[in-house]
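Engineer: Next up is a structure, given as structure tokens.
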Amino acid sequence: MYTQGLDSLGKDCLRDETRDGAALESRFQARVDAEEKIEAKDWMPEAYRRTLIRQISQHAHSEVVGMLPEGNWITRAPSLKRKTILIAKVQDEGGHGAYLYSAAETLGVARAELVDQLLAGKAKYSSIFNYPTPTWADVGAIGWLVDGAAIMNQIPLCRCSYGPYARAMVRICKEESFHQRQGYEIMLTLARGTEAQRAMAQAALDRWWWPSLMMFGPTDTDSKHGAQSMRWKIKRFSNDELRQKFVDTTVPQADYLGLGVPDPELAWDEAAQHYRFGPIDWSEFERVLAGHGPCNRERMEARCKAHEEGRWVREAAAAWAAKRSAVAMQAA
Amino acid sequence: MNKEQDWPLYEIFIRAKSGLDHKHVGSVHATDAAMALEHARDLYTRRQEGVSIWAVRSADIVASDPAESDAFFEPARDKIYRHPTFYDIPDEVKTL
């Protein structure tokens, strides 16, 4: 769901020193310009391949780490109904991670290698998941705002030039809508509840509003790789365009809840038909991305622990399959 | 950290409902065929998207080479007479 890694690509994604030369590359660009999809075994510039591997794997890591903040509430959901919904939602996030790893693997990288990069702390994932979920209202706010921002980001990715990524995104987008709606319904229930419940919903909105705006990545003036990704049609809209669209659709939803968006400068610009919003604290974004957010360490520790504790299961399954195939060979 | 190897990769094909073809949806890693089917069920049919699943070891798939596709598919290119629209039939002639 969460693709703000878009603009944190490395230098190696910028230049392509290919021996195959300009002819192949211009044919490739012509196909992209003609809105043809590029498929796994098609010729592609190495820089395009590297960019995609990095973006898709960061996206996959984000889905997987994204299970943690909400998973925190599964055992404490306020009712059986909410609990089953939350389990299904968290399971979807794991599924999204699997679709995306599967798409990344078509580019010739092993899944184990990508997982190792994450666990070794060498790969990025969306900074939004480094924020804590202290109350049940945070689960509502995540579904409404974080998944809402993710949908804005991801719908254009359904038309990404790389076929396997685009198809994975179609599948994911179909499922995201449930995530956002269940989140909004949680907020609505709290907003219509007791004074304490309303206050809880407001506090969650206060916590998640700015980090959600940061999910779209740096402003266009500071975005390093936007232009190349646009040329390759990996990306279709700029960070600021998507962020504006998110604000424009989300503010009226907050109004309906009767909750206040925590931005004193927020105002409707009648002439532009857009909401104007205050400056984003990019130093916070940089800090969280660099590993100093409220929960970065906790998230990575939880991922590593789950991976280690699952090791014996993976080893046992592999040993069982080897034994069975040996028995089958003997019988043949 | 010990380097772990991925389990074998299986390509997954799903029949959305009876009467339709199986369609490629993605892939899963699994130690054997039975696990591939279970993983595919959990991953690709959480919302009743299928009534039948095929799992095929990715290594067993034989594919044409996109780099050779011009030459490979060339034999069909000049045989436009294989299409019904190639033939001129007067408008007065019905149901043809």
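Engineer: Is there a residue being touching a residue at least 60 places away in the same chain (Cβ under 8 Å) and touching a strand residue (DSSP E or B) at 6+ places or on another chain (Cβ under 8 Å) anywhere in segment A:62-71? Steps first, please.
Structural biologist: Just the residues of segment A:62-71 that are touching a residue at least 60 places away in the same chain (Cβ under 8 Å), to begin with: A:62-66, A:68-70.
In the following step, the residues that additionally are touching a strand residue (DSSP E or B) at 6+ places or on another chain (Cβ under 8 Å) were identified as none.
There is no residue in segment A:62-71 that is touching a residue at least 60 places away in the same chain (Cβ under 8 Å) and touching a strand residue (DSSP E or B) at 6+ places or on another chain (Cβ under 8 Å).
Engineer: Out of all the residues in segment B:14-53, which are under 30 Å from residue A:325 (Cβ atoms), crowded, with 16+ Cβ neighbours inside 10 Å and hydrophobic (A, V, I, L, M, F, W, C)?
Structural biologist: Matches in segment B:14-53: B:14, B:25, B:28, B:30, B:35, B:36, B:37, B:40, B:43, B:53.
Engineer: Could you identify the single residue in A:56, A:87 that is in contact (Cβ under 8 Å) with a residue 40 or more places away in the chain and within 14 Å of chain B (Cβ to nearest Cβ)?
Structural biologist: Working: A:87 fails: in contact (Cβ under 8 Å) with a residue 40 or more places away in the chain.
Of A:56, A:87, the one residue that is in contact (Cβ under 8 Å) with a residue 40 or more places away in the chain and within 14 Å of chain B (Cβ to nearest Cβ) is A:56.
Engineer: Is segment A:61-84 home to any residue that is within 12 Å of another protein chain (Cβ to nearest Cβ) and surrounded by 20 or more Cβ atoms within 10 Å (Cβ to Cβ)? Reasoning before the result, please.
Structural biologist: Step one: list which residues in segment A:61-84 are within 12 Å of another protein chain (Cβ to nearest Cβ), which gives none.
Looking for residues that are within 12 Å of another protein chain (Cβ to nearest Cβ) and surrounded by 20 or more Cβ atoms within 10 Å (Cβ to Cβ), one finds none in segment A:61-84, hence no.
Engineer: Something else now. Give segment A:301-332 a look and list any residue that's among the aliphatic types (A, V, I, L, M), away from chain B (no Cβ under 13 Å) and assigned to a helix (DSSP H, G or I), or say none.
Structural biologist: So the first thing to find is which residues in segment A:301-332 are among the aliphatic types (A, V, I, L, M), and the list is A:302, A:306, A:313, A:316-319, A:321-322, A:326-329, A:331-332.
Add one more test, that the residue is away from chain B (no Cβ under 13 Å), and what stays is A:302, A:306, A:329, A:331-332.
Of everything in segment A:301-332, those that are among the aliphatic types (A, V, I, L, M), away from chain B (no Cβ under 13 Å) and assigned to a helix (DSSP H, G or I) turn out to be A:302, A:306, A:329, A:331.
Engineer: While we're looking at this one, here's another question. Residue A:133 fails exactly one of the following numbered conditions: (1) part of a helix (DSSP H, G or I); (2) more than 13 Å from the chain's Cα centre (by Cα). What is the number of that condition?
Structural biologist: For residue A:133, the failing item is (1).
Engineer: Of the conditions (1) acidic (Asp, Glu); (2) under 20 Å from residue A:39 (Cβ atoms); (3) crowded, with 17+ Cβ neighbours inside 10 Å; (4) at pLDDT below 95, residue B:11 clears all except one; give me its number.
Structural biologist: Unmet condition: (4).
Engineer: For segment B:37-54, how many residues meet the condition of being touching a residue at least 12 places away in the same chain (Cβ under 8 Å) and away from every other protein chain (no Cβ under 11 Å)?
Structural biologist: Total satisfying the criteria: 7.
Engineer: In addition: As an exercise: evaluate residue A:256 against (1) in contact with a strand residue (DSSP E or B) (Cβ under 9 Å, 6 or more places away or on another chain); (2) over 29 Å from residue A:58 (Cα atoms) and give the number of the one condition it does not meet.
Structural biologist: (1)
Engineer: Here is a further query. Of all residues in segment A:100-152 being within 14 Å of another protein chain (Cβ to nearest Cβ) and hydroxyl-bearing (Ser, Thr, Tyr), which is surrounded by the fewest Cβ atoms within 10 Å (Cβ to Cβ)?
Structural biologist: Only one residue fits best here, namely A:106.
Engineer: Kindly indicate which of A:88, A:103, A:98 is closer than 24 Å to residue A:289 by Cβ, modelled with pLDDT of 95 or more, of a type in the set (A, V, I, L, M) and assigned to a helix (DSSP H, G or I).
Structural biologist: Working: A:88 fails: closer than 24 Å to residue A:289 by Cβ; A:98 fails: closer than 24 Å to residue A:289 by Cβ.
Just a single option satisfies the conditions, and that option is A:103.
The values are calculated or read from the model by the stated rules, or taken from the named source; none is laboratory data. Treat the numbers as computed from the prediction; the structure is a model and nothing was measured. Every residue, glycine as well, gets a Cβ built from its backbone with ideal geometry; the counts of neighbours run over all protein chains shown.
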